[in-house]
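The values are calculated or read from the model by the stated rules, or taken from the named source; none is laboratory data. Since the model is a prediction, treat every value here as computed from it, not as a measurement. Cβ atoms come from the backbone with ideal geometry, glycine included; neighbour counts cover every protein chain shown. These accessible areas exclude ligands, DNA and RNA; they are computed on the full protein's heavy atoms, side chains included. Shrake-Rupley method; radii C 1.70, N 1.55, O 1.52, S 1.80 Å.
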Amino acid sequence: ALMRTTSMLENANMALIVLDASEPFLDLDEKIAGLVDSNRLACIIVLNKWDISKREEHDKIITEVRDRFKFLAYAPILTLSAKTRQRVDKLHDLILEINENYSQRITTNQLNDAMDKAMRRHQLPSMHGQVIRIYYATQYETRPPKIAIVMNKPKGLHFTYRRYLVNKMREAFNFTGTPVLFKAKKRGEK
């Protein structure tokens, strides 16, 4: 089953990770979620059987999902019950919204405005005393959104600053349910 799931996810654009809210989560759930992340897919985490899960544990279940699937922090969580059809209609709307987010193209001008605001708020750290400059950012692909950051020292873009920029892009644009990928490169580099 895991091999079949792996091949299906390699050819997919979006994944719904359906978890049983009335049962403890399995290691297999985590493996499948890891495959969704490694394939850079748009994602929704669906907690089914919400009607029979214990009410006093609802917040605990959501917290456990967020803790266990930290790498899918961009994925919204939707609670529903397939049996009683509770919130099933919201799933359709959410799929359409996330597909739009996954396919959106942000203009270079808009990206650079958001990037400038982020850099003014938190300066880029230097690398061994050398000043690191970001010249501009541009989106070069969709599904998922991929953004090239053209800079003087691409190796100087520390992972923490990259994460900071991703968070700022999420604040500026609607990237709910989709990963945002950055590629640091020099001018003229492909």
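Structural remarks
- Accessible solvent surface per residue of the chain, calculated while the other protein chains remain in place, 1.4 angstrom probe, Å²: 60 Å²
- Between HIS158 and any residue 5 or more places off or on another chain, the built amide H atoms are never under 5 Å apart.
- Our estimate of slack between GLN104 and GLU171, defined as 0.36 nm per intervening residue step minus the Cα-Cα distance, is 22.6 nm.
- Each principal axis of the stretch 74-156 carries a Cα extent, and these read 61, 23, 21 Å when sorted largest first.
- Whole-percent carbon and sulfur share, accessible surface of the chain, 1.4 Å: 50 percent
- Using a Förster distance of 30 Å, the FRET efficiency for GLU30-ARG121 (Cβ separation, nearest 0.05): 0.30
- Counting DSSP beta bridges with both ends in the chain, the antiparallel % (nearest 5): 35 percent
- Each semi-axis of the equivalent ellipsoid for the stretch 30-136 is √(5λ) with λ an eigenvalue of the Cα gyration tensor; in descending order they amount to 37, 18, 13 Å.
- Two-site label geometry, ASN11 and SER38: point separation in nm, points 7 Å out along Cα→Cβ: 1.9 nm
- Each Lys and Arg contributes +1 and each Asp and Glu -1, all at the Cβ; summed about the Cα centre of the stretch 53-125, the dipole is approximately 180 debye.
- Between MET119, MET127, MET169, the GNM of the chain built on Cα springs shorter than 10 angstrom shows MET127 fluctuating the most.
- Spin-label model distance (nm) - ALA73 vs ILE95, 7 Å beyond Cα toward Cβ: 2.9 nm
- Over all pairs of different C-alpha atoms, the chain has a mean inverse distance whose reciprocal, the Kirkwood radius, equals 18.3 Å.
- Dipole magnitude for the stretch 25-77: computed about the Cα centre from +1 point charges on Lys and Arg Cβ and -1 point charges on Asp and Glu Cβ, it is near 120 debye.
- Springs between Cα atoms under 10 Å define the GNM used for the chain, and in it the highest mean-square fluctuation of PHE69, PHE159, PHE175 occurs at PHE159.
- Solvent-accessible area of VAL88 with every protein chain in place, 1.4 Å probe, in Å² to the nearest 10: 40 Å²
- Length gained on full extension, ILE52 to HIS128: 21.7 nm, using 0.36 nm per residue less the C-alpha separation.
- In the chain, helices alone account for a calculated mean residue ellipticity at 222 nm of -12500 deg cm²/dmol, with every DSSP H run of four or more residues adding -39,500 (n - 2.57).
- Working from label points 7 Å from Cα in the Cα-to-Cβ sense, the LEU181 to ASN112 distance is 2.5 nm.
- Charge dipole (debye, nearest 20) of the chain; +1 at Cβ of Lys and Arg, -1 at Cβ of Asp and Glu: 1080 debye
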